[in-house]
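The values are calculated or read from the model by the stated rules, or taken from the named source; none is laboratory data. Note that the structure is a prediction, hence the values are computed from the model and not measured. All Cβ positions, glycine included, derive from the backbone under ideal geometry; neighbour counts span all protein chains shown.
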Amino acid sequence: MIDEIIQAAREAGSILLAAQNGASVSRKSSHELVTSADLLSEKYLKARLLKIDPKAGFLGEESWVGKFPAPPFWIVDPLDGTNNYAHGYPVWAVSIAYWNGTDVEYGCIHDPGRNETFSASRGSGAWMNGNQLFSTEVKEISDCIFATGFPYHRKIDDPGMDLDVLKYFLERVQGIRRGGSAALDMAYVSCGRLDGFWEEHLKPWDMAAGSLLATESGGKVSSYKGENWTPSSGGVVVSGKPIHRMMLQGIMNR
């Protein structure tokens, strides 16, 4: 089944690459864009994935109506990093997860620009283009590079996020990155390019596939408040296991 999911993600990536130059762009909100390519990719993926499992429901970013289907269901971001994509900034991906009602059973994040496909099946490890992935074992946050994201609902005089948390980590880690694709940030934790990622305001399609990748690579995943992650968690903390508690302490104590 994971092979079929990987193939679907790669095919959607090819659609996005082909559509990029001519894609029309509109706004979901003052800071959030959507393109015609998002819609093309989701339409394709819905049809393709429901052929893989016709009995599964489908939760996609562009067709989200605010409630979860009965499990099992697909959780799909047809284009994670739309603002990047619309501006030609090459950090965006396709994200697909399969939620069985208890866990994410399969997850895939495909980066068409770099031809990197991250995938995982529960209990079988995490992989990228045939190579097994392992999260880092760094024990001190002073030796880490973290990533985070900024919410779309920010306003003048209201950034929409806890800047004290950002300040806390900025003062203590080697660097903080903001790529603009939560799915890729989580994939990068799973392969050791990042030591940790946190973001308070996210949707299920931003996190689902990456949560499995991080777990299967030996890392740790929780909600933003340190609880068990589920698709209804509004945020996430992902890291190598040794520093996860330190990350949560940095968040909780601000």
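The condition of being outside the structural domain of Leu184 (by TED's automatic domain parsing) and more than 14 Å from the chain's Cα centre (by Cα) holds for only one of Tyr106, Tyr89, that being Tyr89. Anything in region 90-137 that is out of contact with any helix residue (DSSP H, G or I) (no Cβ under 6 Å at 6 or more places or on another chain) and hydrophobic (A, V, I, L, M, F, W, C)? List them, or say none. Hits for region 90-137 are Trp99, Trp127, Met128, Phe134. Applying the criterion of being of a type in the set (Gly, Ala, Ser) and farther than 29 Å from Gln7 by Cα to the residues of region 120-169, the residue that is farthest from the chain's Cα centre (by Cα) is Ser142.
Right, Ala23: within 24 Å of Tyr188 (Cβ to Cβ), in contact (Cβ under 8 Å) with a residue 60 or more places away in the chain, in contact with a strand residue (DSSP E or B) (Cβ under 7 Å, 6 or more places away or on another chain) and among the aliphatic types (A, V, I, L, M) or not?
On the way: within 24 Å of Tyr188 (Cβ to Cβ): no; in contact (Cβ under 8 Å) with a residue 60 or more places away in the chain: yes; in contact with a strand residue (DSSP E or B) (Cβ under 7 Å, 6 or more places away or on another chain): yes; among the aliphatic types (A, V, I, L, M): yes.
Answer is no for this residue.
Return yes when Thr136 is modelled with pLDDT of 95 or more and in a loop (DSSP other than H, G, I, E, B) and no when it is not.
Numbers: modelled with pLDDT of 95 or more: yes; in a loop (DSSP other than H, G, I, E, B): yes.
For Thr136, the condition - modelled with pLDDT of 95 or more and in a loop (DSSP other than H, G, I, E, B) - is met.
Out of Asp185, Asp206, Asp162, which single residue is among the acidic types (Asp, Glu) and over 17 Å from Gly107 (Cα atoms)? Lay out the reasoning, then the answer.
Details: Asp185 fails: over 17 Å from Gly107 (Cα atoms); Asp206 fails: over 17 Å from Gly107 (Cα atoms).
Only one candidate passes the filter, namely Asp162.
Looking only at region 215-250, which residues are in a helix (DSSP H, G or I), surrounded by fewer than 21 Cβ atoms within 10 Å (Cβ to Cβ) and touching a strand residue (DSSP E or B) at 6+ places or on another chain (Cβ under 7 Å)? Can you show your working first?
Of region 215-250, the ones in a helix (DSSP H, G or I) are 215-216, 241-250.
With surrounded by fewer than 21 Cβ atoms within 10 Å (Cβ to Cβ) added as a condition, the list becomes 241-242, 244-246, 248-249.
Once the filter is applied, which keeps residues that are in a helix (DSSP H, G or I), surrounded by fewer than 21 Cβ atoms within 10 Å (Cβ to Cβ) and touching a strand residue (DSSP E or B) at 6+ places or on another chain (Cβ under 7 Å), region 215-250 yields Lys241, His244, Leu248.
Among residues of region 164-214 being of a type in the set (Lys, Arg) and out of contact with any Lys or Arg (no Cβ under 9 Å at 6 or more places or on another chain), the one that is surrounded by the fewest Cβ atoms within 10 Å (Cβ to Cβ) is Arg178.
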